[in-house]
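To keep things clear, I will list the structure first and then write my remarks on it.
The values are calculated or read from the model by the stated rules, or taken from the named source; none is laboratory data. All figures in this text were calculated on a predicted structure; none of them were measured in a lab. FYI the Cβ positions are ideal-geometry reconstructions off the backbone, even for glycines, and counts take in every protein chain you see.
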Amino acid sequence: MTTVNQKITEEIRSQAERLLSSGEVAAFLGYEAGSLPMTARPVVIRKPEDASRLVWNSFCVLNLANYLPALLKSFEPPRRPGEPPPEGPLPKVALVATGCWSRNVVVQLQENQVERDRVVVVGVPSRGMVSARKVRSAVQGREILSVIEEDHVLKVSGSGFEQDINRWDVVRDNCLTCVHPDPVIHDILIGDPAGERQVAKRFRQVEDIEEKSLEERWQWFTEAFSSCVRCYACRNACPLCYCPTCFVDDSRPQWVGKSMDQTDTLLFHLLRAYHCAGRCTDCGSCESACPVGIPMRLLTKKLNMDVIEMYGSEAGMSLDEPLPLTTYNPSDPQGFVLTERSEKGGEKS
């Protein structure tokens, strides 16, 4: 019996072959099977005959929008800083996008990283992706040699064991709280729209931490991030990190040290999170790329919650709605910035 993901795979391959054969796009950005179980790696297809390499499964977790700006620039002639872009039409690129990935494309459009007429978005409503860490935990850390995915069951096997795992028990945390599974923008839609999801206590993980005392919150923060090895995989996987020079690489001034000292490490994560404020779509690529399993997503999840409460805005939901922190209105909440001094000399926020 053909599964949902197998049907999507065949349709993605068909669309990729058609787009490349017609010359409508110069490259197709999707996934191919990884070399290990539970992995799917991003791939750029440039020839119609290579469309058969494309796959779609529950382990397609790295956000393809991360690779889009650089891929588009690879088709542009080199030019010096300040020189105008070349005249005339430039090659187009197609990419596969679920709800959160398409929202990142919207953010990139709003921040002038990509041009809409050069991007063909192949939308796929998301069923939620699977956490490889949760699967490994479910098999008590035994070595997994094969995973066969059905619609609702993962058939996991290894040396001396076979185990069926309910797919919905190992869905990633960010997918469990996703309310926008459908692509916000798309030129081609594969499958039926899922519609907006109703999620009870969408920010429960953040609220659980906020219910702790200040001391308990600090203890959680320091312990959760203590295993960071400063590999910057989270930064490199993030579709929002495209500054010409990252703040961690600046030396004049040096914003944060490069050591493994706790202060430097925690400051790196805080600054990275604030750079994503009002822009993050909670795609979870940072956590998926982290080799030591740091729950860094909760920092940006907290900021997402605050932006919704303070500005009523979610990143990438509309091309016509500017990012909340790129605009200013005198009525914007600013108690967290300004402190008024009373006539008696006391302070009040």
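Before moving on, here are some points about what is shown:
- Sole exception among (1) under 23 Å from the mean Cα position of the chain (by Cα); (2) within 26 Å of Met1 (Cα to Cα); (3) at pLDDT 95 or above for Val107, by number: (2)
- For the residues Arg53, Arg46, Arg41, the requirement of being within 17 Å of Gly284 (Cβ to Cβ) and within 26 Å of the chain's Cα centre (by Cα) singles out Arg41.
- Arg136 meets each of the listed conditions (1) more than 30 Å from Pro48 (Cα to Cα); (2) crowded, with 16+ Cβ neighbours inside 10 Å; (3) touching a residue at least 60 places away in the same chain (Cβ under 8 Å) apart from (3).
- Tallying residues that are under 17 Å from Ile185 (Cβ atoms) and among the aromatic types (Phe, Trp, Tyr) within segment 311-326 yields 0.
- Qualifying positions in segment 1-51 - in a loop (DSSP other than H, G, I, E, B) and either buried (at least 20 other Cβ atoms within 10 Å of the Cβ) or of a type in the set (Ser, Thr, Tyr) (or both): Thr2, Thr3, Val25, Ser35, Met38, Thr39
- Filtering segment 77-107 to residues that are part of a loop (DSSP other than H, G, I, E, B) and of a type in the set (Lys, Arg) leaves Arg79, Arg80, Lys92.
- For Leu154, the stated conditions do not hold, so it cannot be described as surrounded by 13 or more Cβ atoms within 10 Å (Cβ to Cβ) and under 25 Å from Leu95 (Cα atoms).
- The set of residues in segment 221-239 that are in a helix (DSSP H, G or I) and touching a Pro at 6+ places or on another chain (Cβ under 8 Å) comprises Ala224, Ala233.
- Gly82 modelled with pLDDT under 95 and out of contact with any Cys (no Cβ under 6 Å at 6 or more places or on another chain): yes
- With respect to being in the same structural domain as Glu309 (by TED's automatic domain parsing), touching an Asp or Glu at 6+ places or on another chain (Cβ under 7 Å) and closer than 26 Å to Gln113 by Cβ, Val248 falls outside the description.
- Members of segment 294-309 that are of a type in the set (A, V, I, L, M, F, W, C) and part of a helix (DSSP H, G or I): Leu298, Leu299, Leu303, Met305, Val307, Ile308
- Any hit, segment 91-114, residues being over 26 Å from Ala194 (Cα atoms), surrounded by 13 or more Cβ atoms within 10 Å (Cβ to Cβ) and touching a Pro at 6+ places or on another chain (Cβ under 9 Å): yes
- Within segment 166-196, tally of residues that are crowded, with 18+ Cβ neighbours inside 10 Å and part of a strand (DSSP E or B): 1
- When residues of segment 197-220 are limited to those that are among the aliphatic types (A, V, I, L, M) and in a helix (DSSP H, G or I), the one surrounded by the fewest Cβ atoms within 10 Å (Cβ to Cβ): Leu214
- Filter result for Ser146 (in a strand (DSSP E or B) and farther than 19 Å from Leu62 by Cα): yes
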